[in-house]
């Protein structure tokens, strides 16, 4: 049996290698891009419609990081002082873009870096500061089980379920936690039902307190509700239009609608952290995502609305449920994200107090 | 004695000490310093304040989460000790040739992820779960029992997940017990129960205390089980910390809650250590 001794030279070589690693890795990173986005079906569509064509066109390798919700991914950016390990934060919400600007953790994005920026909706430039790009939209809808309930005409169907559907719906309602923006938007719609709004949320808390006994489960992420809708356990919930459309397409026993009081839109934003290893390719990726063919392929697949208004000829069944014209965009409300951001902790605390009271 | 030999103990201590410094002391200092930083719209301003602690200790919601963490820790620790002791006793005393296999089986739950085990409880306890389905099919109930989310479900899930730790700790204590002491008690006329209560139980008390302490500390700071089996009405400190840090980006409040959790566990450790010293002295 031979015995292999650990030589001084071996140790020296290993140490040198370890010390050199941080300098070697960025060198390798020149043709590698790390993109952070959602998982589940979103990832599947993102890979097929956007990332694979991008890799083919630019001859690069994209690593897809599917961890975290928008706030969690911003927490990574903050914790790493702008170098979270991904080059593109592909799915932030306006609240994080505003924070990123204030904390100087996101790169400013101009038409020089992202030429397709000139084609985005004019509204997009008012929703977020120029530290991100709105590449698509979705909106808050009501998702319901078609086999169990009649179509909800009003947000009151969700907030006062007993009056709308009687005892049968008890325990079949989903409440989302305010860490998910869709819960915040649903609460704003509740406040509006009773004459309030973002400046006066008391009506929303009153409705939440009354609704509590009807809630079957409270969840954080919207995809967590999918199996319960599929197996008939939950029947009514506020839901993002994109995911709702996906479940309809998958023949779940559900449908989604915009109640008569209207709805609130969500701008999906892409940003580049200041410490991104491959900024040039990151801007190239954001620009590529706004290309007409990529926009068409992704948004039709994921059932979100496009990030630019100049793409006509949408299939009628797609256009019927999406924001494809200026008129439709104008009909959707976009509350002040900076104000919502400043109130979110207080509202979350209030929500927790009501739910645990 | 050569210089190299004199240095060896220090070098041996230096490795774990460096590890502790890097992965416990420094993060704890960062946590404590962040907990006294003021924030404005979630962004740290750099000004020092104790308001974060003030808010946590004066708001019913957060106080309830702190209290619930203690309740979960104490209840899980007590259940684990009660269940682990007879099992550990049996495993130590059995002369079966299957002894090693039985020990391995009793510790086998450690091989499965705590997430998997906790979801097992979720499947059993949820509204459409095994218990409700069984009770409804037997005609015992009309409406499903609401067992989730609840503090009791969290305690059950944690007690199940942490049982092997209790078994291991108590087994170690029972293994170190000199059997001749029990034989001596019995030869002097004590029955089995009396021997157990007067000799075995007191001598294995350090194992019981260790098992309780270990499970208490893990249960009190557990995140996954309360997150799966709990809900908004059953928040504990760990789930609150996550909410502050990752969802609300309120790092100062999250750090203050983390500091309270750390201080609570340390206080219990010190208390137990002090009680142990007193017992040794007496």
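The values are calculated or read from the model by the stated rules, or taken from the named source; none is laboratory data. Values in this document were obtained by computation on a predicted structure and should not be read as measured data. Glycine also receives a Cβ, built like all others from the backbone with ideal geometry; neighbour counts cover every protein chain displayed.
Can you pull out every residue in the range A:249-279 that is part of a helix (DSSP H, G or I) and either crowded, with 17+ Cβ neighbours inside 10 Å or modelled with pLDDT of 95 or more (or both)? Write out each step before concluding.
From the range A:249-279, those part of a helix (DSSP H, G or I) are A:249, A:279; that's our starting set.
Hit for the range A:249-279 is A:279, nothing else.
So which of B:227, B:233, B:259, B:209 is modelled with pLDDT of 95 or more and either in contact with a helix residue (DSSP H, G or I) (Cβ under 7 Å, 6 or more places away or on another chain) or within 10 Å of chain A (Cβ to nearest Cβ) (or both)? Can you show your working first?
Working: B:227 fails: modelled with pLDDT of 95 or more; B:233 fails: modelled with pLDDT of 95 or more; B:209 fails: modelled with pLDDT of 95 or more.
Just a single option satisfies the conditions, and that option is B:259.
Could you please tell me which pairs satisfy a Cβ distance under 7 Å, a separation of 6+ or placement on different chains, a first residue in the range A:337-357 that is under 18 Å from residue A:99 (Cα atoms), and a second residue that is surrounded by fewer than 19 Cβ atoms within 10 Å (Cβ to Cβ)?
Close Cβ pairs (under 7 Å, with a partner that is surrounded by fewer than 19 Cβ atoms within 10 Å (Cβ to Cβ)) amount to A:339/A:198; A:340/A:198; A:341/B:41; A:342/B:41.
Between B:211, B:231, B:258, which is touching a strand residue (DSSP E or B) at 6+ places or on another chain (Cβ under 9 Å) and touching a residue at least 60 places away in the same chain (Cβ under 8 Å)?
Numbers: B:211 fails: touching a strand residue (DSSP E or B) at 6+ places or on another chain (Cβ under 9 Å); B:258 fails: touching a strand residue (DSSP E or B) at 6+ places or on another chain (Cβ under 9 Å).
Exactly one residue qualifies, and that residue is B:231.
I'd like to know if the range A:119-134 contains one or more residues that are crowded, with 20+ Cβ neighbours inside 10 Å, away from chain B (no Cβ under 14 Å), assigned to a strand (DSSP E or B) and at pLDDT 95 or above.
yes
Please go through (1) part of a loop (DSSP other than H, G, I, E, B); (2) surrounded by fewer than 22 Cβ atoms within 10 Å (Cβ to Cβ); (3) modelled with pLDDT under 95; (4) within 14 Å of chain B (Cβ to nearest Cβ) for residue A:178 and return the number of the only condition it doesn't satisfy.
Tallying (1) part of a loop (DSSP other than H, G, I, E, B); (2) surrounded by fewer than 22 Cβ atoms within 10 Å (Cβ to Cβ); (3) modelled with pLDDT under 95; (4) within 14 Å of chain B (Cβ to nearest Cβ), residue A:178 fails exactly one: (2).
Would you list the helices (runs of 4 or more DSSP H) that sit entirely within the range B:114-182 and hold 3 or more residues that are closer than 28 Å to residue B:85 by Cα and at pLDDT 90 or above?
Working: elements: B:114-125, B:130-137, B:151-175.
Output list reads B:114-125, B:151-175.
Going by the conditions given, is residue A:223 under 19 Å from the mean Cα position of the chain (by Cα) and part of a helix (DSSP H, G or I)?
Values: under 19 Å from the mean Cα position of the chain (by Cα): yes; part of a helix (DSSP H, G or I): yes.
So residue A:223 fits the description; yes.
So residue B:198 ticks every box in (1) closer than 30 Å to residue B:270 by Cα; (2) surrounded by 17 or more Cβ atoms within 10 Å (Cβ to Cβ) but one. Which box is left unticked?
(2)
Scanning for something touching a residue at least 60 places away in the same chain (Cβ under 8 Å) and surrounded by 11 or more Cβ atoms within 10 Å (Cβ to Cβ), does the range B:21-29 turn up at least one residue?
Let us first name the residues in the range B:21-29 that are touching a residue at least 60 places away in the same chain (Cβ under 8 Å), namely B:28.
Narrowing the set further to residues that are surrounded by 11 or more Cβ atoms within 10 Å (Cβ to Cβ) leaves B:28.
Yes, the conditions are met somewhere in the range B:21-29.
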